[in-house]
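Note sheet for the following structure.
The values are calculated or read from the model by the stated rules, or taken from the named source; none is laboratory data. Owing to the predicted nature of the structure, the values given are computational and were not obtained by experimental measurement. Positions of Cβ are generated from backbone atoms using ideal geometry, with glycine treated the same way; all protein chains shown enter the neighbour counts.
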Amino acid sequence: MKKQSDLNKLFQFAGKFKYLTMTSCVLSTASALVALVPFVYIWKFIKEVLEVAPNFDQAVNLVHNGWMAVFFAVLSMVIYIVALLCSHIAAFRVQSNIRSKAMHHITTLPLGFMDGIGSGKMRKIVNESSAATETFLAHQLPDTFGAIATPVGLLCLLIYFDWKLGLLSLIPVLIAFFIMFTMTGSSMKNRMEQYQNSLDQMSNEAVEYVRGIPVVKTFGQSVFSFKRFKAAIENYEKWVVAYTKELRFPMLCYTTAINGVFAVLIAAALFIAKDGVTNTFLLNLIFYIIITPIITVTLNKIMYASENKMIVADALQRIESVFGIQPLPETATPKKPKDNSISIKEVSFRYKDAKRNVLEDIHLEIKSGEHIAFVGPSGGGKTTLASLIARFWDTTKGEVSIGGINVKDIPKKELMDIVSFVFQDSKLLKASIFDNVRIGKPEATREEVLKALHGAQCDDIIAKFPDGIDTVIGTKGVYLSGGEQQRIAIARVMLKNAPILILDEATAFADPDNEAKVQKAFSLLSKGKTVIMIAHRLSTVTGVDRIFVLQDGKICEYGKHEELVEKSGLYAQMWQEYNRAAQWKVGGTND
């Protein structure tokens, strides 16, 4: 099967606007050819001057030739402007369609998808890769057609006026082309991919580092505490320095060759002039010295077009990698759960490209309306197990059911109506408090939103802003603390009123005042619901019906708080360590 070209791939996003792109290429070619016409009139200008010298008053066509050169120069500019107008309209539409379709596709992917790829990398793919296609279609593609047309027309002129000088002027051009090929071949394509990968990694780690700044400041750490971010920067630095050194000599030779055309012509003139020169030869020599700098400009355009083509190819590959990720399959025979109970049977799970399972043969039953908790050491699989209930991913083995129905047989929209997830760092949009809360139930009335905010203990947040719930977060200095954002997120979940609630470290970063309000909001939110809590603060889970302790992807023990403390197992050890940490006082020991 014939491989589809990058341009055809872009045309798939262009629709009928692809004809504007084609038009821009034709007009750019025409502009490049018309731009050579003024040089013909310059040649006529010089020819007449040499013929009448020193009686310059006999030159009768100088003004005409001058104005004709100006006319065709302006005409070339006008045609080029129209070409860019066409190319920009098409390019903006392609960029818009790529972003729109990419974001639409992302919304169909499993919720765990962003955790795997990273928000920084995803933002770079959607924004910068689509921007690369816009730059290519708007400027580089029409310029490439013009850059190809220019040497063809120029070659015709050079051979027409003096074929010997014309061929001589092509010698440095051929040398420059050979050097350019060595710099823009397949090896350069691989390096460009490495370059983009290092940029993606650095962008991703930068986002994660910025998000972790509160933790860094709290514990007095520096940037070096984020080793992955530092390693990403060092990797980028190492790659750029090595790449620059590698291309230093070829680029020097290339620049010398394309700027050395006039030197070849002068050397040829000196050789020919030893037996005297004619006015025709002098005319052609002067003309060639004037016109050959166009070769330099043209070759530079072709070289950068080759590089930009590789950038676009890489950008399309990254965009296609997003489209290549398939949504979780939807059932053809949807079923409705009979209640809010949860069953996890012999479930194992492994992340893509991981060497071992994160969860191994998990089996548990959660009754409808029961409140349970997942606790255990970091990396034990608590969040992953809870995420499988909401079908952020599909299990590698085993079955997760809600109300006796496999989550795979519950339509995605209905599953999202059944399960609500409160994360430890819930995100708010740059919108009003009202709109942020109403995401949980788009058809909700203003009164319903106010009731949810009241239940989530957000009255003090609304009271401090003149615009109340219409206050837009993130503008004009309107920012909320982590605990306040969490309460707004709880109001959103409270408005949604899903029967199954998963709380993932929901009070991890809240200060004592906000934590008290968040806990009060949770107590209201949890009434009559099946609740799964994931917590490191063991004091928040002592009152739940059952506690499941996960370690290395397995449930090592479970039961009520009192039962687990008496068992003297892992939970009892964690409880003792938690109490010691809670009783510790800054400044020394008790005498």
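The table below gives the values:
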| item | result |
| --- | --- |
| Residues being free of Cβ contacts under 8 Å to residues at least 40 places away in the same chain and in contact with a strand residue (DSSP E or B) (Cβ under 6 Å, 6 or more places away or on another chain) - total across segment 512-544 | 0 |
| Odd one out for ASP394 among (1) modelled with pLDDT under 90; (2) under 24 Å from GLN485 (Cβ atoms); (3) surrounded by fewer than 19 Cβ atoms within 10 Å (Cβ to Cβ) | (2) |
| Given (1) at pLDDT below 75; (2) surrounded by fewer than 23 Cβ atoms within 10 Å (Cβ to Cβ); (3) within 27 Å of SER387 (Cβ to Cβ), number of the condition LEU480 does not satisfy | (1) |
| Long-range neighbours under 7 Å by Cβ, at least six apart or interchain, first residue of a type in the set (S, T, N, Q) within segment 545-567, second surrounded by 21 or more Cβ atoms within 10 Å (Cβ to Cβ) | GLN551/GLY376; GLN551/GLY380 |
| Matching residues, segment 214-253, being part of a helix (DSSP H, G or I) and at pLDDT below 60 | PRO214, VAL215, VAL216, LYS217, THR218, VAL223, PHE224, SER225 |
| Considering residues of segment 133-172 that are buried (at least 22 other Cβ atoms within 10 Å of the Cβ) and among the β-branched types (Val, Ile, Thr) only, the residue modelled with the highest pLDDT | THR133 |
| Yes/no for LEU85 being of a type outside the set (D, E, K, R), within 30 Å of THR292 (Cα to Cα), surrounded by fewer than 21 Cβ atoms within 10 Å (Cβ to Cβ) and at pLDDT 85 or above | yes |
| Single match in ILE410, ILE418, ILE439 (criterion: touching a residue at least 60 places away in the same chain (Cβ under 8 Å) and out of contact with any strand residue (DSSP E or B) (no Cβ under 6 Å at 6 or more places or on another chain)) | ILE410 |
| Members of segment 411-430 found to be farther than 20 Å from THR108 by Cβ and either part of a helix (DSSP H, G or I) or touching an Asp or Glu at 6+ places or on another chain (Cβ under 6 Å) (or both), listed by number | PHE423, GLN424 |
| Out of LEU75, LEU27, LEU20, LEU33, sole residue that is touching a Cys at 6+ places or on another chain (Cβ under 8 Å), more than 30 Å from MET103 (Cα to Cα) and either of a type outside the set (Lys, Arg) or not assigned by TED's automatic domain parsing to the domain that holds CYS156 (or both) | LEU27 |
| Given (1) in contact with a strand residue (DSSP E or B) (Cβ under 8 Å, 6 or more places away or on another chain); (2) touching a residue at least 60 places away in the same chain (Cβ under 8 Å), number of the condition SER432 does not satisfy | (2) |
| Filtered residue count, segment 393-410, keeping only those that are of a type in the set (A, V, I, L, M) and assigned to a strand (DSSP E or B) | 3 |
| Filter result (among the hydroxyl-bearing types (Ser, Thr, Tyr), in contact with a helix residue (DSSP H, G or I) (Cβ under 7 Å, 6 or more places away or on another chain) and within 26 Å of SER28 (Cα to Cα)) within segment 119-168 | SER129, SER130, THR133, THR144, THR150 |
| Residue match in segment 462-473 (condition: surrounded by 18 or more Cβ atoms within 10 Å (Cβ to Cβ) and either acidic (Asp, Glu) or outside the structural domain of LEU524 (by TED's automatic domain parsing) (or both)) | no |
| Helices (runs of 4 or more DSSP H) fully within segment 53-156 counting 1 or more residues that are β-branched (Val, Ile, Thr) | 62-108, 113-117, 130-135 |
| Strands (runs of 3 or more DSSP E) contained entirely in segment 280-376, each with at least 3 residues that are surrounded by fewer than 18 Cβ atoms within 10 Å (Cβ to Cβ) | 342-349, 359-366 |
| Flag for GLU360 being over 16 Å from MET533 (Cβ atoms) and in contact with a Lys or Arg (Cβ under 7 Å, 6 or more places away or on another chain) | yes |
| Condition met for LYS382 (farther than 30 Å from PRO466 by Cα, surrounded by fewer than 17 Cβ atoms within 10 Å (Cβ to Cβ), among the basic types (Lys, Arg) and in the same structural domain as LYS554 (by TED's automatic domain parsing)) | no |
| Hits in segment 486-502 (condition: at pLDDT below 85 and either of a type in the set (A, V, I, L, M) or within 25 Å of ILE366 (Cα to Cα) (or both)) | none |
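The rows are residues; the columns are (1) surrounded by fewer than 20 Cβ atoms within 10 Å (Cβ to Cβ); (2) under 14 Å from ALA386 (Cβ atoms); (3) under 41 Å from the mean Cα position of the chain (by Cα); (4) in the same structural domain as PHE423 (by TED's automatic domain parsing).
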position: ALA521; (1), (2), (3), (4): no, no, yes, yes
position: LYS529; (1), (2), (3), (4): yes, no, yes, yes
position: ARG537; (1), (2), (3), (4): yes, no, yes, yes
position: THR540; (1), (2), (3), (4): no, no, yes, yes
position: GLY543; (1), (2), (3), (4): yes, no, no, yes
position: GLN551; (1), (2), (3), (4): yes, no, yes, yes
position: GLU557; (1), (2), (3), (4): yes, no, no, yes
